[in-house]
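This report concerns only the one structure given below.
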Amino acid sequence: MNFVDVVEGALKVDEITDTVSSTSCGAVSLFIGTTRDNFEGKKVIQLEYEAYTPMAKAKMLEVCENIRKKWDVENIAMIHRIGIVPVKEASIIIAVSSPHRKESLEAVAYAIETVKAIVPVWKKEIYENDLSSWKQNKE
Amino acid sequence: MNFVDVVEGALKVDEITDTVSSTSCGAVSLFIGTTRDNFEGKKVIQLEYEAYTPMAKAKMLEVCENIRKKWDVENIAMIHRIGIVPVKEASIIIAVSSPHRKESLEAVAYAIETVKAIVPVWKKEIYENDLSSWKQNKE
Amino acid sequence: MEKSEHREFVEVNLLFFAKSREIVGQKSILFELPKITTRNLIIDSITKKFPDLQQISKNILLSLNEEYLDQDCSVTLKAGDELAVIPPLSGG
Amino acid sequence: MEKSEHREFVEVNLLFFAKSREIVGQKSILFELPKITTRNLIIDSITKKFPDLQQISKNILLSLNEEYLDQDCSVTLKAGDELAVIPPLSGG
């Protein structure tokens with residue numbers, strides 16, 4: 001099962017874990033991207049995310065399909081939060097279940113790299129001095 | 001912060017995520033080991049885990065220290081459940097937060113390998129025909 | 001927009017996101033483009049209409065109906081196509 | 001256990017886990033061992049006391065006060081030490 005979504009409001013790691021858990025699997029691996037309170041010495045108050053939502057979902061499903069070409073995994077969930085994400089809260093959760101641990105661990109690492117590279121989502125850092133800056137993912 | 005524990009009863013992924021989340025971190029990676037319903041064609045009803053609890057905690061702390069020698073991570077939590085773990089439920093959760101994603105992803109993969117190799121915990125698979133078998137982790 | 005008699009034009013939905021949205025001040029507009037064109041000619045048309053986009057025009061991607069357009073490709077548009085200006089990604 | 005006059009013996013806590021616990025039928029016992037010995041001699045003493053452990057004796061590890069004993073090491077015990085029979089691990 002591939003589950004992808006782009007939502008406003010807090011992400012719930014226990015719900016997403018339940019979504020991918022499977023009786024035939026011995027492993028669930030997760031990656032959670034969270035808002036850091038600093039960037040290059042500047043204090044970050046919060047992040048604001050914007051998505052091209054339908055294309056973002058389509059590209060996340062593309063990442064799911066690529067995972068399945070590479071690894072034997074059971075369920076995949078990717079949820080990206082948009083709007084304001086305060087410090088310490090999750091902007092993205094990726095969860096993958098697999099019969100054996102190696103596959104889900106590798107798949108999650110691949111997934112976050114690929115999501116950052118191809119899924120049309122943007123974040124703006126809002127600093128304590130009221131300034132803000134649109135970010136760019138590194139290669 | 002290193003947090004390790006060996007407990008009876010269900011593990012809560014949201015609490016463990018909160019335990020490691022940090023305002024200075026952009027990433028939390030998790031590995032959850034879950035009970036599979038099959039092993040080599042036999043139907044598994046549940047697992048039963050037993051630990052040499054004080055040594056298990058000491059060895060989990062040793063894994064934490066080894067992680068910190070290798071990667072720049074912020075918080076580490078490892079919790080192993082003992083007693084009966086029904087199918088689909090978690091026997092272990094490992095969570096690591098880090099400023100950048102690569103470190104926590106690599107640390108979690110290393111952690112579960114090393115825990116399986118050095119932490120004195122044993123599982124017995126209980127099959128539907130009332131038979132059971134103590135397992136052995138592969139190299 | 002001027003039309004040459006021998007070129008067919010179509011109207012597409014042009015979407016702006018993130019910094020491009022802030023520069024243009026709109027999320028989407030209807031935009032007329034030649035039916036047969038290229039990715040680079042489309043960017044030229046857009047930056048002609050919105051000169052302030054030139055500050056980021058070297059860093060933007062285009063998508064057509066939710067698929068990225070490669071750098072040099074020829075593009076055939078039809079009325080109602082969804083074209084989007086995609087600044088450097090920063091999701092995750 | 002027989003004692004030779006020139007060897008000093010100490011009493012340790014010997015713990016059994018998993019399959020070794022099931023075979024022995026106890027979680028822990030008090031066990032007398034030479035004060036200066038080796039890991040292999042300890043295993044010999046334990047399997048002499050509990051012959052049924054021989055079926056897994058090639059696969060067990062020993063720990064002393066929560067540290068694994070390497071295969072061939074010399075070991076100095078003191079009274080009250082915690083020695084554990086560690087069958088192949090299967091945690092995680």
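The values are calculated or read from the model by the stated rules, or taken from the named source; none is laboratory data. Note that the structure is a prediction, hence the values are computed from the model and not measured. Heads up, the Cβs are rebuilt from the backbone with ideal geometry, glycines too, and the neighbour counts pull from every protein chain shown. Heavy atoms of the whole protein, side chains included, go into the accessibility calculation; ligands, DNA and RNA do not. Shrake-Rupley method; radii C 1.70, N 1.55, O 1.52, S 1.80 Å.
Some notes on this structure:
- Solvent-accessible area of A:Glu15, all protein chains in place: 110 Å² (probe radius 1.4 Å, heavy atoms, ligands and nucleic acids excluded).
- Extension gain (nm, one decimal) between B:Ile84 and B:Glu65, 0.36 nm per residue minus Cα-Cα: 3.9 nm
- Counting only heavy atoms of the protein chains and using a 1.4 Å probe, A:Asp5 has close to 40 Å² of accessible surface.
- Efficiency of FRET between D:Lys27 and B:Asp14 - r from beta-carbon atoms, R0 30 angstrom, step 0.05: 0.30
- Computed over protein heavy atoms with a 1.4 Å probe, the accessible surface of the stretch D:9-86 works out to 51 Å² per residue.
- Between C:Asp81 and C:Asn13, the built amide H atoms are under 5 Å apart, and every one of these is 5 or more places off in sequence or on another chain.
- Note on chain B: helix-only mean residue ellipticity at 222 nm, from DSSP H runs of 4+ residues weighted -39500 (n - 2.57) and normalised by residue number, equals -10500 deg cm²/dmol.
- For chain B, with all protein chains in place and a probe radius of 1.4 Å, 47% of the accessible heavy-atom surface sits on carbon or sulfur.
- Karplus-derived 3J(HN,Hα) values for the stretch D:63-74, using 6.51 cos²θ - 1.76 cosθ + 1.60 with θ = phi - 60°, are 10, 10, 6, 6, 10, 5, 8, 5, 3, 10, 6, 7 Hz; glycine and proline are entered as x.
- Percent RCO, i.e. relative contact order, over chain D, from Cα pairs under 8 Å lying at least 6 residues apart: 38
- One chain, two ends: B:Phe3 and B:Gln136. Fully extended at 0.36 nm per residue, the span grows by 45.3 nm beyond their Cα-Cα distance.
- Rolling a 1.4 Å probe over the protein heavy atoms of the stretch C:9-86, with every protein chain left in place, gives an accessible area that is 46 percent carbon and sulfur.
- Between A and B, roughly 2700 Å² of accessible area is buried in total, ligands, DNA and RNA not counted and the probe set to 1.4 Å.
- Rounded to the nearest 20, the Cβ-based charge dipole of chain A about its Cα centre (Lys and Arg +1, Asp and Glu -1) stands at 280 debye.
- Cross-linked pairs B:Lys124/D:Lys19; B:Lys42/B:Lys88; B:Lys135/D:Lys58; A:Lys138/B:Lys102; A:Lys135/C:Lys48: Cα-Cα separations exceed 19 Å for A:Lys135/C:Lys48.
- Ordering C:Ser57, C:Ala79, C:Tyr68 by Cα displacement along the dipole of the stretch C:9-86 toward the positive end leaves C:Ser57 in first place; charges were set at the Cβ atoms of Lys, Arg (+1) and Asp, Glu (-1).
- Leaving ligands and nucleic acids aside, the C/A contact buries around 1900 square angstrom of accessible area in total at a 1.4 Å probe radius.
- Under a 5 Å amide H cut-off, with hydrogens placed 1.01 Å from N, D:Gly92 pairs with nothing among residues at least 5 apart or on other chains.
- Rounded to whole Hz, the Karplus (6.51, -1.76, 1.60) HN-Hα couplings of the stretch C:82-87, x for glycine and proline: 9, 10, 10, 8, 10, x
- Net charge, B:Cys25 excluded, C-beta distance under 12 Å - Lys, Arg +1, Asp, Glu -1: -2
- Summing charges over all other residues whose Cβ lies under 9 Å from the Cβ of B:Ile82, with Lys and Arg as +1 and Asp and Glu as -1, gives -2.
- Neighbours of B:Glu8 by Cβ distance under 13 Å: Lys/Arg scored +1, Asp/Glu scored -1, total -3.
- When +1 charges are put on Lys and Arg Cβ atoms and -1 charges on Asp and Glu Cβ atoms, the dipole computed for the stretch C:9-86 relative to its Cα centre reaches about 220 debye.
- Derived scalar couplings between HN and Hα for the stretch B:55-72 equal 5, 4, 5, 4, 6, 5, 5, 5, 4, 4, 5, 5, 4, 5, 6, 9, 9, 7 Hz in order, rounded to whole Hz, by the Karplus curve 6.51 cos²θ - 1.76 cosθ + 1.60 (θ = phi - 60°), x for Gly and Pro.
- Accessible surface of D:Leu89 - all protein chains present, 1.4 Å probe, nearest 10 Å²: 20
- Amide H partners (placed H, <5 Å) of B:Ile84, local residues excluded: B:Tyr49
- Average projection area in nm² (convex hull over Cα atoms of the stretch C:27-88, one quarter of hull surface): 4.1
- Contact order normalised by residue count of chain B, Cα under 8 Å, 6+ apart, percent: 36
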